[in-house]
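Only one structure is covered here, and it is reproduced in the block below.
Values in this text are rule-based calculations from the coordinates and carry no lab data. Quantities reported herein were computed from a predicted structural model and do not represent experimental measurements. Quick reminder, even Gly has a Cβ in these numbers, built from the backbone with ideal geometry, and neighbours come from all protein chains shown.
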Amino acid sequence: MLLCDAAQVADGKLYVLGGGWSLIGPDPMPSAIALKIDVGWTEIDQMHHWELYLVDEDGQAVIADTPDGPQAIEVRGDFEVARPVAVPEGSPVDVALALNFGPLPLRPSTRYSWRLAIDGEADEAWQLTFSTRPPREA
């Protein structure tokens, strides 16, 4: 997982713009997450469900106002990897995902974490932590 300004997937490859930051703001700005998921050989040809959600420094869901009312900032999806012909048996097969976000309602001087879960499992290594800069002086 990598925080970046923008990302896209083409031909199974991740293309990243402005990648590797951990400090943003203080003004709202677009951002993205580039994901490369290694799918184990025994997990190929199966549907997998992923969830990515944003929490604050207290571990609470970050809420945004939407046309449907307040909602937690989260993204979900599914993926399935077919058994490739040219990959040696037993090798993991990678899946690339690019998630682009518009400006998010983040408080200045606050620490946030994007947390990933796949098939209901999470790992401490599957999170991206970043901070927002303090507000600008008037």
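With a sphere of radius 11 Å drawn around the Cβ of ALA122, what net charge do the other residues whose Cβ falls strictly inside it have (Lys, Arg +1; Asp, Glu -1)? Mind dumping the intermediate values first?
On the way: positive: ARG115; negative: GLU51, ASP119, GLU121, ASP123, GLU124.
Its environment carries a net charge of -4.
Taking 8 Å as the Cα distance limit and 6 or more residues as the minimum spacing, I'd like the relative contact order of the chain as a percentage. Don't skip to the answer; put the middle values down first.
Working: 295 pairs, mean separation 45.5, N = 138.
Once normalised by length, the contact order is 33 percent.
Among TYR112, GLY69, ALA82, whose Cα projects farthest towards the positive end of the dipole of the chain, with charges put on the beta-carbon of Lys, Arg (+1) and Asp, Glu (-1)?
The one lying farthest along the dipole's positive direction is TYR112.
Pop a pseudo-label 7 angstrom from the Cα along the beta-carbon direction at both GLU137 and GLU74 and give the gap in nm to one decimal.
So the two model labels end up 4.2 nm from each other.
To the nearest 0.05, how large is the calculated FRET efficiency for ARG83 and GLU51 if R₀ is 30 Å and r is the Cβ-Cβ distance?
On the way: r = 25 Å, r/R0 = 0.84.
According to the calculation, E is roughly 0.75.
For mean projected area of the Cα convex hull in nm², pick the label among [x] 8.8; [y] 7.4; [z] 10.0 that corresponds to the value derived from the coordinates.
The calculated read-out lines up with [z].
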